[in-house]
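Visitor: Here you go, one structure.
The values are calculated or read from the model by the stated rules, or taken from the named source; none is laboratory data. Treat the numbers as computed from the prediction; the structure is a model and nothing was measured. Here the Cβ positions follow ideal geometry from the backbone for every residue, glycine too, while neighbour counts run over all protein chains shown. With ligands, DNA and RNA removed, areas are computed over all heavy atoms of the protein, side chains included. Shrake-Rupley method; radii C 1.70, N 1.55, O 1.52, S 1.80 Å.
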Amino acid sequence: MSRVLRAGGLSLRWEPRAAAICLVLAGAALAAAVVVVGTGDVPITVGEVLQALTGQGHPGTEFIVTTLRLPRAVTGALAGLALGMSGAIFQSMSRNPLGSPDLIGFSTGSATGALVQILVLGGGAAAVAAGSVAGAVLTALAVYAVAYRRGHGVHGMRLVLVGVAAAAMLEALNAYLITRAELREAYEAAFWLTGSLNNRGWDHARPLALAVLVLVPLALASGRALRMGELGDDAAQALGVPVQRSRAVLVVAGVGLCAAATAAAGPVPFVALAAPQLARRLTRRTGPQLLPAAAMGAALLVCADLVSLKLPVPVPVGVVTGVLGGVYLAWLLAAEARRGRA
Amino acid sequence: MSQEAVPVRRAGWRFAGLVVLGGVLALTVVASVALGAQSIPFERAVAGVFAPDGSQSALIVQELRLPRTLLGLAVGVALGLAGALMQALTRNPLAEPGLLGVNGGAAVAVVSVIALLRVDDVLVYVWAAFAGAAVAAVAVYLIGSRGRAVASPGRLVLAGAAVNAVAVALTNGIMLLSPRSFGGFRFWQVGSLAGRDLGTLLRVLPFLGAGVLIALLLARPLNALALGEDAGRSLGARPERTRALGAVAVVLLCGAATAAAGPIAFVGLAVPFVVRALVGPDQRWVLPYSALLAPVLLLAADIAGRLVVPPGELETGIVTAFLGAPIFALMVRRGRVPKL
């Protein structure tokens, strides 16, 4: 059900169920983040974490919480949010649940750009972020160019399969870069390449927060165009949506969010694929669910991080999302087959 | 009627093609022995193989180039046949041991055995690789073919992408757990022919041989299978047995190849594709042609990898990915893929 708020000449449509789900997911992400902050060599209780966050804790605890561990939780939540929204945008534009940036090579390309900076050019955090964005943009351009056919657009399976090929190629390139580096550097790069939130500081969280602040409103502003776009270009045009322009804005926002998340946390697999699908099933709505997908992404990534911290052996968060996400994708394919859609 | 004459003439033409391809393969083998960071003249390379005189070039040939070339030959045959078999069994032109996660599954198993059990024996790697390849192959086929009689080509690739992603995540996780063995893994994970000795090859050879034998014997049953389940059965084919034997051959070939050289993608995709364009769909020709063309491509990729960035090398797996992925993308773009 959707309700409409009217105030004078303005009206705003909102959906109580979707809003409630966003709140619940955000709450889950926050709760998991508090536990993440409390987990480590020095365990800190939830109460102490909350005290430290409000500035009333023990100075030592406060240092551990705000300087050492909080950036990790914030980076995880923001990266998950960005990935979830980016996934929702691309899945809606390709009208295919598998057209998500992690499966069609955008994340891998973004990682390639970052790896070139880390291993070859030796740039700092800002340069890595820039390389990551450049890699994602170039990959997106190449995949769309190859998958595009006049009169058919870039919808559906062709885009996904071309993206899978691009991802395979870029993975080989990433592996090549790793084999060429010094052992220590290569190990760190491999850790990063798996998708990891270890040793994240505020200099990782800050650029990501900036990207989220700019790009999320941009994407939300075009949310209506995205919804109309699912009806087909002609129908959307007829309904007064400037299809080409809003699509360009959405691509910029989607690629930017994916690249910012990758720059901060590495190419964490499957969050961008799974979050929009889960959000859609929870809200029971058709069409793109940008905010629920973003909230779901944040909750997923922080919870996966929590799992990776609680495991007896320390693994990067990307291993957890990779395993869980692969199982989920398998289930998704099987479910689509049952409905005879795929 | 000329109906009799045409197949005979075509068979003669195809046989001549096979002989030519064999000649090309022989030339590629010689080139692989001769070319590299330090190229060796043709006569000295041949002399280094058959009558090593202890000179530096003979040493290079005996210790480095020859094992590498023989390994490339064996792995190429295995990957080409495995690709052709998988495409015939699934009736899907996009099926390939790298894309469908079979090599990835084998890689996880090998890495786990090395890192967690701390064994260092190629024979153990091979058995681990078989187990991993078998699990991955079964998983991909079950996921990709659920709900309908025949797995649709695109879905099978996506199921492969899912299994591959899980395999990569697990491989990375295990690799990162043991920083000491990471140094070796990062090279193995790429897929390469370099740095393997003849012992590695000899250990996997029996399994490869068995896989090749089964694959070639399956040519006729696969032809019957291509007619469809019912028509094949009425002609005396036994689809279940063909599928089971084919799966065994794929696992033997991919497991042995991956255990010896690491995961190498796209050879099994491109080769049968080219071969079918040359000789048509008859598996009695597709399989032998694939078995000869694939090592040509793999060795050529290996030679190219040695020559492009002297004095360093590009790993074979990287070269094949860079050659194969664009071919795959073009196949998809041209709509070579039947209805998805």
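Visitor: Given A:Ala20, A:Ala205, A:Val302, which one lies farthest toward the positive end of the charge dipole of chain A, if we put +1 on the Cβ of every Lys and Arg and -1 on the Cβ of every Asp and Glu?
Guide: Result: A:Ala20, furthest along the dipole toward the positive end.
Visitor: Follow-up question, since we're still on this one. What is chain B's relative contact order, in percent, from Cα pairs under 8 angstrom and six or more apart in sequence?
Guide: 28 percent
Visitor: Work out which helices of chain B, taken as complete DSSP H runs, extend at least 24 Å along their axis over the Cα atoms and score a mean Kyte-Doolittle of 0.0 or more, then list them.
Guide: Correct list, ordered by number: B:5-34, B:66-90, B:122-145, B:153-177, B:198-217, B:239-261, B:283-308, B:316-333.
Visitor: Normalised by the empirical 2.2 N^0.38 Å for globular proteins, what value does the Cα Rg of segment B:1-125 take?
Guide: Here the Cα radius of gyration is 1.50 times the empirical estimate.
Visitor: For the protein assembly as shown, with only Lys/Arg (+1) and Asp/Glu (-1) charged at the beta-carbon, what is the dipole magnitude about the Cα centre, in debye rounded to 20?
Guide: It works out to roughly 2400 debye.
Visitor: Near A:Ala236, within a Cβ-to-Cβ distance under 14 Å, what is the net charge of the other residues, with Lys and Arg +1 and Asp and Glu -1?
Guide: Net of charged neighbours comes to +2.
Visitor: Another question about this same structure. Sort B:Trp13, A:Trp331 from largest to smallest accessible area, using a 1.4 Å probe on the heavy atoms of the protein chains.
Guide: B:Trp13, A:Trp331
Visitor: Under 14 Å from the Cβ of A:Gly135, count the other residues' Cβ atoms, weight Lys and Arg +1, Asp and Glu -1, and hand me the total.
Guide: Local net charge: -2.
Visitor: If you take every residue apart from A:Gly163 with its C-beta less than 13 Å away from the C-beta of A:Gly163, what net charge results, scoring Lys and Arg +1 and Asp and Glu -1?
Guide: Charge balance in the 13 Å sphere: 0.
Visitor: Taking the radius of gyration and the Kirkwood hydrodynamic radius from Cα positions alone, what is the Rg/Rh ratio for chain B, to two decimal places?
Guide: Rounded to two decimals, Rg over Rh is 0.98.
Visitor: Roughly how large, in nm² to one decimal, is the mean projection of the convex hull of the alpha-carbon atoms in segment B:126-264?
Guide: One quarter of the hull surface, i.e. the mean projection, equals 9.6 nm².
Visitor: Any idea what log10 I(q)/I(0) is at q = 0.11 Å⁻¹ for chain A, Debye with uniform C-alpha scatterers and no solvent?
Guide: -0.71
Visitor: Could you check how many percent of all C-alpha pairs in the protein assembly as shown are farther apart than 44 Å?
Guide: Summing the P(r) of the protein assembly as shown above 44 Å gives 26 percent of all pairs.
Visitor: Just want the answer: with Cβ charges of +1 for Lys and Arg and -1 for Asp and Glu, which residue in A:Ala168, B:Gly246, B:Gly195 is farthest toward the dipole's positive end in the protein assembly as shown?
Guide: Going by the Cα projections, it comes out as B:Gly246.
Visitor: Here's a follow-up. If a helix is a whole DSSP H run, which ones in chain A reach 24 Å or further along their own axis (Cα) and hold a mean Kyte-Doolittle hydropathy of at least 1.6?
Guide: A:16-38, A:125-147, A:290-310
Visitor: Next question, about the same structure. Largest first, how would A:Val307, B:Val212 line up by accessible area (1.4 Å probe)?
Guide: The ranking, largest first, comes out as A:Val307, B:Val212.
Visitor: Which order do B:Thr69, A:Thr67 take when ranked by solvent-accessible area (1.4 Å probe, heavy atoms of all protein chains), largest first?
Guide: Result, largest first: A:Thr67, B:Thr69.
Visitor: Follow-up question, since we're still on this one. Total Å² of accessible surface buried at the A-B contact, 1.4 Å probe, nearest 100?
Guide: 3800 Å²
Visitor: Let me ask something else. Which value, in debye to the nearest 20, gives the size of the charge dipole of segment B:78-333 about its Cα centre, when Lys and Arg are +1 and Asp and Glu are -1 at the Cβ?
Guide: Dipole magnitude for segment B:78-333 comes out near 500 debye.
Visitor: Please report the carbon-and-sulfur percent of the accessible area for the protein assembly as shown; probe 1.4 Å, protein heavy atoms only, DNA, RNA and ligands left out.
Guide: On the protein assembly as shown, the fraction of accessible area on carbon and sulfur atoms equals 67 percent.
Visitor: Amide H to amide H under 5 Å from B:Ser178: which residues, 5+ apart in sequence or cross-chain, H placed 1.01 Å off N in plane?
Guide: Sorted by chain and number, the residues that satisfy this come to none at all.
Visitor: Rank A:Leu215, A:Leu311, A:Leu324 by mean-square fluctuation in a GNM of chain A with C-alpha springs under 10 angstrom and give only the top-ranked residue.
Guide: Among A:Leu215, A:Leu311, A:Leu324, the largest mean-square fluctuation in the Gaussian network model of chain A belongs to A:Leu311.
Visitor: I'd like to compare B:124-134, A:97-107: which one has the highest average count of other Cβ atoms within 10 Å, and what's the full order after that?
Guide: A:97-107, B:124-134
Visitor: Here is a follow-up. Pick out, from A:Ala129, A:Ala186, A:Val214, the residue whose Cα sits farthest towards the positive end of the charge dipole of chain A, with +1 on the Cβ of Lys and Arg and -1 on the Cβ of Asp and Glu.
Guide: A:Val214
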